1. Any idea how many residues of segment 118-143 are of a type in the set (Val, Ile, Thr), more than 17 Å from the chain's Cα centre (by Cα) and either within 20 Å of Ser94 (Cβ to Cβ) or crowded, with 17+ Cβ neighbours inside 10 Å (or both)?
2. What about His103, is it free of Cβ contacts under 8 Å to residues at least 60 places away in the same chain and within 12 Å of the ligand (Cβ to nearest atom)?
3. Given the conditions (1) without any contact (Cβ under 8 Å) to a residue 60 or more places away in the chain; (2) in a loop (DSSP other than H, G, I, E, B), report the number of the one that Ser94 does not fulfil.
4. Would you check which residues across segment 41-77 are within 24 Å of Ser31 (Cβ to Cβ), of a type in the set (Gly, Ala, Ser) and surrounded by 16 or more Cβ atoms within 10 Å (Cβ to Cβ) and list them?
5. Out of Ala7, Ala23, Ala46, Ala53, I need the residue that is in contact with a Pro (Cβ under 8 Å, 6 or more places away or on another chain) and modelled with pLDDT of 95 or more. Which one?
6. Against the definition (basic (Lys, Arg), touching a residue at least 12 places away in the same chain (Cβ under 8 Å) and surrounded by fewer than 16 Cβ atoms within 10 Å (Cβ to Cβ)), how does Arg83 come out, yes or no?
7. Hey, could you check segment 117-153 for residues that are part of a loop (DSSP other than H, G, I, E, B) and touching a Cys at 6+ places or on another chain (Cβ under 8 Å) and say which is farthest from Ala190 (Cα to Cα)?
8. For segment 150-188, enumerate the residues that are surrounded by 17 or more Cβ atoms within 10 Å (Cβ to Cβ), away from the ligand (no atom under 14 Å from the Cβ) and not aliphatic (A, V, I, L, M).
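The values are calculated or read from the model by the stated rules, or taken from the named source; none is laboratory data. Remember, it's a predicted structure, so these values are computed and weren't measured experimentally. All Cβ positions, glycine included, derive from the backbone under ideal geometry; neighbour counts span all protein chains shown.
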Amino acid sequence: MDKARIAVLVSGGGTNLQALIDAQAGGRLRSGELVLVLSNNPEAYALTRASQAGIETLTLTKKGCGSQEAFEDAVLAALDARRIDLIVLAGFMSILSARFVSHYVNRIINVHPALIPSFCGKGFYGLKVHEAALAYGVKVTGATVHYVNEIPDGGRIILQKAVDVLPGDTPEILQRRVMEQAEWVLLPEAAELVSSEILKEREYRQ
Ligand code: GAR
């Protein structure tokens, strides 16, 4: 069967990438195929996870390319060369420009570790999101998968799931609970949903 070709962009540990790999192995990601894992951090453990799963890896850095613009051009060229249909940002810690995003309208999705529009936008990433949620004293947080547009964390919401904040939570404990109960569930579901939409659109056009 024809599948949507997926590139996963990562920067760190890659537990969300692992959830996608597991979903593919378990048949929950059927309409899409993980064909490339691209990191902007050569040290990212996500690269090891990808290699272990037999997925092609590529590292490109802003420093190595000389500028954000040159970095984005190199990423676009790598995606074009592999005929990528869908880009999944899974812990990718670089904000993509409006120019980049315009090449993949409704074809980039991101997982964010909070219930957007809370604790999102510039400066809210990784553990900082959970630190902010605990400092505010919210009793419920969660995760969101959304389309990526030119506004950081501003694109249309695809899936969202709430997670309780419990007494005694540290940012690390809360981060882990949000990952386990929400991110690792939602991201593969959303990747399947958008991949199946891509296939339907393709069929319609033929
Ligand atoms: C995840 O919690 C992800 O939602 C978050 O970074 C972590 C990456 O973990 N992303 C952002 O904050 C983006 N704004 P992982 O590398 O283990 O998937």
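1. 1
2. no
3. (1) is the only condition that Ser94 fails.
4. Ala46, Ala50, Ala53, listed by residue number.
5. Ala23
6. In short, yes.
7. Residue satisfying both the conditions and the ranking: Pro152.
8. Asp169
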